[in-house]
Amino acid sequence: MLLIYFLQPAIISPMLVLKLKRIGKKHQAAFRLIVDEKRHKLFGKNVEDLGWYNPRTDKHEINKERVSYWLKTGAQTTDTVHNILVSAGVIEGKKIAVHSQPKKKEGDDKAPAAVVPAAAEKPAA
């Protein structure tokens, strides 16, 4: 009986994410704010459409009540969507750095020089 329990596939609820879906013409990008599964492709059906965002004019229209509902039910946001929601005043908090920081090279680390004893610095007179 115990063995049968472990052989059954687990029922896993999908992880929902608020993310941007690109729409618009070539070189005139506009985005829809949607709720969808994290690993689901952007084309096709989604769970819900929450609004739109145009980065060229920096205009947006977001359904704040539905966004707060989905965040309360456990949906996550992508970093860019989080920053848009903070700018729109839908959620509070700091923005997230979206662009990766440049990696430091091994020789560029300005490590403090080895501490030299004071007696070794003064020449013997």
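Throughout, read-outs are computed from the coordinates displayed, never taken from laboratory work. None of the values given here were measured: they were computed from a predicted structure. Neighbour counts run over all protein chains shown; Cβ positions are idealised from the backbone, glycine included.
Each peptide among 55-67, 94-106 gets the average number of other Cβ atoms lying within 10 Å of its residues, and from highest to lowest they stand as 55-67, 94-106. Mean projected area of the Cα convex hull of the range 13-88, taken over all directions, amounts to 5.1 nm². The lysines whose alpha-carbon is closer than 30 Å to the alpha-carbon of Lys19, local same-chain residues fewer than 8 away aside, are Lys38, Lys41, Lys45, Lys59, Lys64, Lys72, Lys94, Lys95, Lys103. Distances between placed amide hydrogens fall under 5 Å for Thr78 paired with Leu18, all partners being 5 or more residues away or on another chain. Taking the range 61-95 and a reference point 7 angstrom along Cα→Cβ of Ile23, the backbone N atoms nearer than 15 Å belong to 61-63. A simple rule links phi to the HN-Hα coupling: the Karplus curve 6.51 cos²θ - 1.76 cosθ + 1.60 with θ = phi - 60°, which for the range 87-94 gives 5, 7, x, 6, 10, 9, x, 8 Hz, with x for Gly and Pro.
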